[in-house]
1. Filter the range A:91-113 down to residues that are under 15 Å from the mean Cα position of the chain (by Cα) and closer than 17 Å to residue B:48 by Cα and give me whichever is modelled with the highest pLDDT.
2. Of all residues in the range A:54-81 being open to solvent by 10 Å² or more (accessible area, probe 1.4 Å) and within 13 Å of chain B (Cβ to nearest Cβ), which is farthest from residue B:108 (Cα to Cα)?
3. Pick out the one residue from A:50, A:29, A:15 that is open to solvent by 50 Å² or more (accessible area, probe 1.4 Å) and of a type in the set (Gly, Ala, Ser).
4. Every residue in the range B:72-116 that is among the polar types (S, T, N, Q), assigned to a strand (DSSP E or B) and within 14 Å of chain A (Cβ to nearest Cβ), please.
5. Whether any residue in the range B:27-40 is more than 12 Å from every other protein chain (Cβ to nearest Cβ), open to solvent by less than 40 Å² (accessible area, probe 1.4 Å) and under 24 Å from residue A:33 (Cβ atoms) is what I want to check.
6. Quick one: residue A:42 ticks every box in (1) crowded, with 16+ Cβ neighbours inside 10 Å; (2) within 11 Å of chain B (Cβ to nearest Cβ); (3) touching an Asp or Glu at 6+ places or on another chain (Cβ under 6 Å) except a single one, so which number is it?
Amino acid sequence: DAKTTQPPSMDCAEGRAANLPCNHSTISGNEYVYWYRQIHSQGPQYIIHGLKNNETNEMASLIITEDRKSSTLILPHATLRDTAVYYCIVRVSHGGSQGNLIFGKGTKLSVKP
Amino acid sequence: EPEVTQTPSHQVTQMGQEVILRCVPISNHLYFYWYRQILGQKVEFLVSFYNNEISEKSEIFDDQFSVERPDGSNFTLKIRSTKLEDSAMYFCASTAAPFGGNQPQHFGDGTRLSIL
């Protein structure tokens, strides 16, 4: 099972920031938090990842709490094309793993005009 | 930007037939994966592959499934005798290093497999 908890759905107005929360209270010290999104049955698209520091790239920002038990993905200016299911994933942490991803149900973000 | 490409985009097959799904991972990547997504359900891990052998597989990946890297570029998933419940989107992914190396997996856009 996925080690993360996300709200099933969220709405955001176009042009506003979308803040997507994720709880991962059992995360281990060497596990990263990864965010992916899936637009209408396309392949999952990598967005961003981090360990403990906040991260930013051209797509989004990732804010990780100091205790690392939760994080927030921020899309600074959401557009209609950001409507998708967003997945928060922590690396599977058993010995010898090649890092396969465990997907949960994610958050369905709907960006509205 | 380099992409993972998958062919065909849609495959329709009679139950009991063999099917091969093809993937071309990103060229400098070393670790390869197959996932599937049944309509309306979660994305599920099937198998990971490195150095010409399976690294890890899920319970879904039974004896009907096999993977191969027949040449330097292609990575294939074969289902020997398809069942109705094999109908799903199949996604290939690749990464330069496993997550222990802090590298994300990049996914293709999938093959929709429909079993009749």
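The values are calculated or read from the model by the stated rules, or taken from the named source; none is laboratory data. Remember, it's a predicted structure, so these values are computed and weren't measured experimentally. So basically every Cβ, Gly included, is an ideal-geometry build from the backbone, and we count neighbours across all protein chains shown. The accessibility values were calculated without ligands, DNA or RNA, using every heavy atom of the protein model including side chains. Shrake-Rupley method; radii C 1.70, N 1.55, O 1.52, S 1.80 Å.
1. A:103
2. Filtering first and then ranking leaves A:55.
3. Being open to solvent by 50 Å² or more (accessible area, probe 1.4 Å) and of a type in the set (Gly, Ala, Ser) holds for just one of A:50, A:29, A:15, which is A:29.
4. Scanning the range B:72-116 gives B:94, B:95, B:111, B:114.
5. Yes, the range B:27-40 contains a residue that is more than 12 Å from every other protein chain (Cβ to nearest Cβ), open to solvent by less than 40 Å² (accessible area, probe 1.4 Å) and under 24 Å from residue A:33 (Cβ atoms).
6. Of (1) crowded, with 16+ Cβ neighbours inside 10 Å; (2) within 11 Å of chain B (Cβ to nearest Cβ); (3) touching an Asp or Glu at 6+ places or on another chain (Cβ under 6 Å), only one is false for residue A:42: (1).
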